[in-house]
Amino acid sequence: MHIELQEKDDIFVLRFQGRIATGSDLDYLTTKLEEVRNRRSDKVLADFREVSSIGSTGIGFVVGVYTSVVKLPGGRFVLLGANARVREVLELTRLSTIIPLAEDMSSGLAGLQGPERDAPSPGL
């Protein structure tokens, strides 16, 4: 697993790669979560296009980032490009009803600008 952090204009992009499995890389995820929190960005796009699967540790990380972002005034978080396996986990945990999901980069960026931060995009 690898997480790359980038700033693009006023948007903070987290690019995830690999498998975010239960119990693996806990120290790495804790360090990355603190890095995200310290930046205090109010617009975060989590790019999951290169994530093959996610476990409870990864879910905990995503929830940690999401809650730290939406606590900020005007804070918005969108998860982009979840494959069928990841989407199934998000649906089973009901996170798909809370965290906005986007299919591609343009809809993900649009979701960060939209008026509703807590509602998932229709049809996703």
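Here the chain carries DSSP beta bridges of which approximately 30% are antiparallel, counting only pairs with both residues inside. Within the chain, the longest run free of exposed loop sites, counting GluC sites (Glu not before Pro) that sit outside DSSP helix and strand states (H, G, I, E, B) and have at most 15 other Cβ atoms within 10 Å, spans 1-102. Stretching D27 away from A110 to a fully extended chain increases their span by 26.6 nm, per 0.36 nm per residue minus the current alpha-carbon distance. Think of it as helices only: each DSSP H run of n ≥ 4 in the chain is worth -39500 (n - 2.57), and spread over all residues that comes to -11500 deg cm²/dmol at 222 nm.
Taking all Cα pairs closer than 8 Å and separated by 6 or more residues, the relative contact order of the chain comes to 22 percent. Exposed loop positions in the chain were taken to be trypsin sites (Lys or Arg not before Pro) whose DSSP state is not H, G, I, E or B and which have at most 12 other beta-carbon atoms within 10 angstrom. Between these positions, the longest stretch is 1-39.
Every number here is computed from the coordinates shown, using simple stated rules; none is lab data. Bear in mind that the values here come from a model prediction, so they are computed numbers and not experimental data. In this analysis, Cβ positions are derived from the backbone assuming ideal geometry, glycine residues included, and neighbour counts consider all displayed protein chains.
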